[in-house]
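Scroll down for the structure; my scribbles are underneath it.
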Amino acid sequence: MKLRQVKSLGGRANTAVGDLAAKVDDQTGEAAKKAARVIVLAVTLLRIPTALLMILPIPFILTTIVLGLLADGGIRWVLLPAGLAMLVVTSAFWGRRRRILQAVEEPDKLATELGIMISLTDKVEETRGAITSIAGAGGWRIFERLKSVWSGVAMTGRWIEGIGDLPRARYFGPPKIGTTVTVAVAALWLIPISVVVAVLSVIGSIAGSI
């Protein structure tokens, strides 16, 4: 029964995307294709750096959690929440990275959805022109540029209803693009923070055992 429901929902989503795609004009379609190519290239180039960003803090996070489990008294209730909070940040970054990588696996479908997303805005011509400006962005800047592009777009009821049917493009438009930037910045800061916390945890554990 559940499998049938999932297939039914997927079929309705595909139908909705097809209906919306039919309303996208040629200029918007071309702008979306150009934007999709830039996004796919940027995400591909970021695959290894983001993997490193995700992996580097893990040993320090695990050190903090293990020391927290081994500690007694108040130190435990400082180290464990700190370790778990850092683990949550890493997990959030891993989840968002995975979804974005999946979103660019089929560039043609991504381009179609980007075209739909542009057509759902209240200022199609302005948005179409703005999204082509991301061509000069690369690496991390692509997400900041996309966030800036969409900052002037009003999230109308039509947008909110339509964005849910775009499983790929929605990660490159509001509100998810803002979350992506926030999670990425948090993950970047997590590396030095996790090192400092782990070192302090070791020092605290040694001092507590003396």
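The values are calculated or read from the model by the stated rules, or taken from the named source; none is laboratory data. Just so you know, these numbers come straight off a predicted model, no measurement behind them. Don't worry about glycine lacking a Cβ; one is built from the backbone with ideal geometry, like all the others, and counts go over all protein chains shown.
A few notes on this one:
- Lone unmet requirement of (1) free of Cβ contacts under 8 Å to residues at least 60 places away in the same chain; (2) more than 30 Å from residue 164 (Cβ to Cβ) for residue 75: (1)
- Residue list for segment 60-72, restricted to those being assigned to a helix (DSSP H, G or I) and touching a residue at least 24 places away in the same chain (Cβ under 8 Å): 60, 61, 63, 64, 67, 68, 70
- Candidates 90, 121 - the one that is crowded, with 18+ Cβ neighbours inside 10 Å and at pLDDT 95 or above: 90
- Qualifying residue in segment 145-157 (condition: assigned to a helix (DSSP H, G or I), modelled with pLDDT under 90, within 30 Å of residue 85 (Cβ to Cβ) and of a type in the set (A, V, I, L, M)): yes
- Looking across segment 175-209, just one residue is surrounded by 19 or more Cβ atoms within 10 Å (Cβ to Cβ) and more than 28 Å from residue 82 (Cβ to Cβ), and that is 177.
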